[in-house]
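Contents: one structure, followed by commentary.
The values are calculated or read from the model by the stated rules, or taken from the named source; none is laboratory data. No experiment lies behind these values; they were computed from the predicted model shown. Cβ sites come from the backbone with ideal geometry, for glycine too, and all protein chains shown count toward neighbours. When the accessible area is computed, the model is the full protein with side chains, heavy atoms only, and any ligands, DNA or RNA have been set aside. Shrake-Rupley method; radii C 1.70, N 1.55, O 1.52, S 1.80 Å.
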Amino acid sequence: MAEPVQTPQSSQTAFKPRIFSGIQPSGGLTLGNYLGALKRFVEKQNEGIETVYCLVDMHAITVWQDPAKLRQQTREAAAGFIAAGIDPVRSILFNQSQVTAHAELAWIFNCVARMGWMSRMTQFKDKAGKNSENVSLGLFAYPALMAADILAYKATHVPVGEDQKQHLELCRDIAAKFNNDFGVAFFPMTEPLIEGAATRVMSLRDGTKKMSKSDPSDQSRINLTDDADTIAKKIRKAKTDPEPLPSDLEGLKDRPEARNLVNIYAALAGMTAEEVIRDHGGAPFGSFKPALADLAVSVMSPITTEMNRLMQDVAEIDRILGEGAARADAIARPIVDEVYDIVGMIRSRVI
Ligand code: AMP
Ligand code: TRP
């Protein structure tokens, strides 16, 4: 039997910096996805760190997906990533189901994670609602697959929006329990990167709800596929209170809709919320909204145009995803093979 390696768990130096993140192709990408995730994926890529980005189609099917739509949305999301600045040469870009290591490691993690941990996940509780007897088993196990996504690459950092914080904590719990159960220092304690002015972009119709691709109201979100007119209209119609913008951040405290629009402005302009208030404090929404609409259109429209252009050549998108999957597999395969060995599975098949 191999001697367990007893490296201290706090020792992160052994792990090469590597970024991993994922987005579900379960609907069109929203401004929330763009500001909370995608924009930051591009920044990380441009900092020169190794970046692996995944369209998590297997997570998407934890709730019903029409097959033709799933295919279309996966390609559209890939086009959105590239249009937003992901370079499929410098980053690895692929869809999850093409790299079988994810599903394989997820099964091992299903056997490491505890029912109690999963039951405490707020995303599960929100999505299952009163219907928890009737949701898929996959929805319950969702965070174990997510941990597998990350740890199949031994990723050290994961840029995400605020809503994913609890899932990242669970990923660390799974990594720690695996390391502890088998007496190894195999998996890193992955750090979430939740940064910037827009880690939680809220609905345009209700400042207390997250902007989401699954919200029944299309008015609640800006989609990456919306044209300039639609973006401007949605912002002009966004719910607000009747007061003008306050003169300091404190004044936004109990005004969720106003705060949301200020945060969106800040993230789009690359400013802090303080700077936006400094420039626009005292302005009525009658003038702030058109300024925000212009800014949103100027940032989003070039991305939408490029995304539509890329969608003309679906074969090229599929080729990029296939190439990304092969590169992803080259990293994940040996890691998952080693996991099988650690767990005690015989691997004697001649290929
Ligand atoms: P999802 O669309 O749920 O797969 O989310 C993909 C990524 O986008 C995750 O990192 C989320 O945290 C992020 N994200 C989704 N919606 C929002 C939002 N409204 N505000 C900020 N980040 C978001
Ligand atoms: N659960 C994430 C979300 O809904 C998507 C996701 C799946 C993910 N696997 C991941 C994010 C791995 C980061 C890393 O937003």
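So W117 passes all but one of these: (1) surrounded by 15 or more Cβ atoms within 10 Å (Cβ to Cβ); (2) more than 16 Å from ligand 1 (Cβ to nearest atom); (3) outside any helix (DSSP H, G or I); (4) without any contact (Cβ under 8 Å) to a residue 60 or more places away in the chain. Which condition number does it fail?
Evaluating W117 over (1) surrounded by 15 or more Cβ atoms within 10 Å (Cβ to Cβ); (2) more than 16 Å from ligand 1 (Cβ to nearest atom); (3) outside any helix (DSSP H, G or I); (4) without any contact (Cβ under 8 Å) to a residue 60 or more places away in the chain leaves (3) as the failure.
Conditions first: (1) assigned to a helix (DSSP H, G or I); (2) open to solvent by 30 Å² or more (accessible area, probe 1.4 Å); (3) touching a Phe, Trp or Tyr at 6+ places or on another chain (Cβ under 7 Å). A328 passes all but one, so which condition is the exception?
Only one criterion is unmet by A328, namely (2).
Restricting to region 332-341, name every residue that is closer than 15 Å to I150 by Cα and open to solvent by 30 Å² or more (accessible area, probe 1.4 Å).
Of everything in region 332-341, those that are closer than 15 Å to I150 by Cα and open to solvent by 30 Å² or more (accessible area, probe 1.4 Å) turn out to be R333, P334.
Would you confirm whether or not region 154-167 contains a residue that is more than 13 Å from ligand 1 (Cβ to nearest atom), part of a helix (DSSP H, G or I) and over 15 Å from the mean Cα position of the chain (by Cα)?
Taking every residue of region 154-167 in turn, none turns out to be more than 13 Å from ligand 1 (Cβ to nearest atom), part of a helix (DSSP H, G or I) and over 15 Å from the mean Cα position of the chain (by Cα).
Among A283, A296, A258, A267, which is the only one that is over 14 Å from Y34 (Cβ atoms), surrounded by 16 or more Cβ atoms within 10 Å (Cβ to Cβ) and not assigned by TED's automatic domain parsing to the domain that holds F81?
A258
Kindly provide the set of residues from region 214-232 that are assigned to a helix (DSSP H, G or I), free of Cβ contacts under 8 Å to residues at least 24 places away in the same chain and of a type outside the set (D, E), ordered by number.
Q219, S220, T230, listed by residue number.
Identify, please: which residue in region 305-325 is open to solvent by less than 60 Å² (accessible area, probe 1.4 Å) and of a type in the set (V, I, T) and is, among those, nearest to V52 (Cα to Cα)?
If we take residues in region 305-325 being open to solvent by less than 60 Å² (accessible area, probe 1.4 Å) and of a type in the set (V, I, T), then I320 is nearest to V52 (Cα to Cα).
Here are some residues: T272, T190, T240, T230. Which one is within 19 Å of the chain's Cα centre (by Cα), among the β-branched types (V, I, T) and at negative phi?
T190
Picking from G27, G85, which residue would you name as being away from ligand 1 (no atom under 11 Å from the Cβ), touching a residue at least 12 places away in the same chain (Cβ under 8 Å) and within 25 Å of I235 (Cα to Cα)?
Result: G85 is the single residue among G27, G85 that is away from ligand 1 (no atom under 11 Å from the Cβ), touching a residue at least 12 places away in the same chain (Cβ under 8 Å) and within 25 Å of I235 (Cα to Cα).
Against the condition in a loop (DSSP other than H, G, I, E, B) and of a type in the set (D, E), how does D126 come out, does it pass?
no
Looking at (1) in the same structural domain as I92 (by TED's automatic domain parsing); (2) in a loop (DSSP other than H, G, I, E, B), which is the only condition R319 fails?
Unmet for R319, out of (1) in the same structural domain as I92 (by TED's automatic domain parsing); (2) in a loop (DSSP other than H, G, I, E, B): (2).
What residue, among those in region 129-153 that are assigned to a helix (DSSP H, G or I) and either of a type outside the set (A, V, I, L, M, F, W, C) or open to solvent by 50 Å² or more (accessible area, probe 1.4 Å) (or both), is nearest to ligand 2 (Cβ to nearest atom)?
D149
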